[in-house]
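The values are calculated or read from the model by the stated rules, or taken from the named source; none is laboratory data. Worth saying up front: this structure is predicted, and the values here are computed from it rather than measured. Note that each Cβ is placed from the backbone with ideal geometry, even for glycine, and that neighbours are counted across all protein chains shown.
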Amino acid sequence: MNHADRAHALLSASGAHRWMNCTPSAVLESKFPDTTSEAAKEGTLAHELAEAKLQNYVNTKEFSKRKLTNRIKKLKENELWQNEMDGFTDDYMDFIRREALRFEATPYVAIEEKLDLETYVPGGFGTADCIMIGGGTIEIIDFKYGKGVPVAAEENPQLMLYALGAHEKYNFLYGFSEVRLSIVQPRIGNNSTWTLSLDDLLAFGEKVKAAAAIAAEGGGEFHPGDWCRFCRAKAQCRARAEENVKLAFQTERKPELLTNDEIGRFLDQGEDVAKWLKDLQEYALAQCLGGKEVAGWKAVEGRGTRDWVDMDKAFEIIIASGTPQEMLWEKKPLTLAQVEKVVGKKEFATEVGDYVVKKPGKPTLVRESDKRPAITNKISADEVFN
């Protein structure tokens, strides 16, 4: 499948988190062009590689090793190809092999399966990366190549919609009562699996059906939240602007000092303010550059940088005037991450993994729902007595 040519429904499964929480957003953002970033194109390339490897694993006769090699060779011609994609898609395949072993017998596997979601979402459809069915269980596995935000499988509306579509398509052939949803996000080491009953999935189906009926007509109330992140209307959305201005300029605070509970609440409420201002600035700059006026603002040339017209010729002149060549160059090793990228993840681990140690990261503030263990500067009794 050509992943770049995938169609998108008005109420897309990938955007379900957004239009279920803010029902008018789908119709509103349909007025904006659906642009593609370089990161998205990179993800598309990685998905095509992952699909080729999965086809070879599941349909070895039809998609032989030779065919896989030729396919990978073709993908490597893409300007966005990175050697690390090979290792990360291998991680995806390792996860699929482990999941396949959880079934009592070899499961039925569907790859890049287009699913009809019309029963629940008007005009809805989606494409699941991998579906496994067997022994009363159906599993939806989704490959995420992004590394910005960890994606959880638990109550993930995109995967739950895929599961509903798979139920519609396969339930008459394979009866099942258990549903497993899995996310594989190898670039940040995030593998997430959540299990629910078919009854719970169908209950979600009724919930999403009600929200989709409203969203398809652009009805309901605007409800800004973290789901605004990928909305194409996020910069101009009036509801988001009014909510963030209200949060940013709250002044009715009587106590001189905030309590920790209040600080936690403000951090939660104000999380989108900085993102909103950045989105607003980027939109205003684009408007100014396009020749349109934004009251009180204009686009100007930023601080410039100098560059050589002909560095080699310039160095020849400097060296000829008496400056040693060694003074014009510095020898500098690549970073560990850069070396791993050049060598390849698996080869790096095999060849020099014993020479790498992971140092603890700098303390950072995250939401309580984050799966990493909390740390503190408080000394425990064990540490004192040891």
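Selection of helices (runs of 4 or more DSSP H) fully inside region 1-88 by the criterion of at least 1 residues being in the same structural domain as G148 (by TED's automatic domain parsing) and either under 27 Å from E221 (Cβ atoms) or within 20 Å of the chain's Cα centre (by Cα) (or both) returns 16-21, 25-29, 38-58.
Within region 261-315, the set of residues being under 15 Å from A248 (Cα atoms) and part of a loop (DSSP other than H, G, I, E, B) comprises just one member, G270.
As an exercise: evaluate I141 against (1) surrounded by fewer than 18 Cβ atoms within 10 Å (Cβ to Cβ); (2) out of contact with any Pro (no Cβ under 8 Å at 6 or more places or on another chain) and give the number of the one condition it does not meet. Of the numbered conditions (1) surrounded by fewer than 18 Cβ atoms within 10 Å (Cβ to Cβ); (2) out of contact with any Pro (no Cβ under 8 Å at 6 or more places or on another chain), the odd one out for I141 is (1). For P363, the criteria (1) surrounded by fewer than 10 Cβ atoms within 10 Å (Cβ to Cβ); (2) at pLDDT below 85; (3) closer than 26 Å to V149 by Cβ hold in every case but one, which is (2). For region 318-336, the candidate set comprises residues that are part of a helix (DSSP H, G or I) and surrounded by 10 or more Cβ atoms within 10 Å (Cβ to Cβ); within that set, the residue that is nearest to the chain's Cα centre (by Cα) is L336.
Selection of region 115-135 for residues being surrounded by fewer than 17 Cβ atoms within 10 Å (Cβ to Cβ), acidic (D, E) and in contact (Cβ under 8 Å) with a residue 24 or more places away in the chain yields only D116.
Applying the criterion of being acidic (D, E) and loosely packed, with under 12 Cβ neighbours inside 10 Å to the residues of region 25-46, the residue that is modelled with the lowest pLDDT is D34. A count restricted to region 90-134 and to residues that are of a type outside the set (A, V, I, L, M, F, W, C) and in a strand (DSSP E or B) stands at 9. Among the residues of region 337-360, those that are in a helix (DSSP H, G or I) and over 13 Å from E84 (Cβ atoms) comprise T350, E351, V352, G353, D354, Y355. Remark: pairs (first residue in region 265-283, outside the structural domain of F230 (by TED's automatic domain parsing) and modelled with pLDDT of 80 or more; second residue among the aliphatic types (A, V, I, L, M) and part of a helix (DSSP H, G or I); Cβ separation under 7 Å; 6+ apart in sequence or on different chains) are absent.
Can you pull out every residue in region 145-183 that is outside any loop (DSSP other than H, G, I, E, B) and of a type outside the set (A, V, I, L, M, F, W, C)?
Listed by number, the residues that qualify are P157, Q158, Y162, G165, H167, E168, K169, Y170, E178, R180, S182.
Only a single criterion out of (1) within 30 Å of A233 (Cα to Cα); (2) surrounded by fewer than 10 Cβ atoms within 10 Å (Cβ to Cβ) is not satisfied by A286, namely (2). For first residues located in region 51-63 and surrounded by 13 or more Cβ atoms within 10 Å (Cβ to Cβ), partners that are in a helix (DSSP H, G or I) and not hydroxyl-bearing (S, T, Y) and lie 6+ apart or on another chain with Cβ distances below 6 Å form the pairs A52/L68; A52/R71; K53/M93; N56/L68; F63/Q55; F63/N56.
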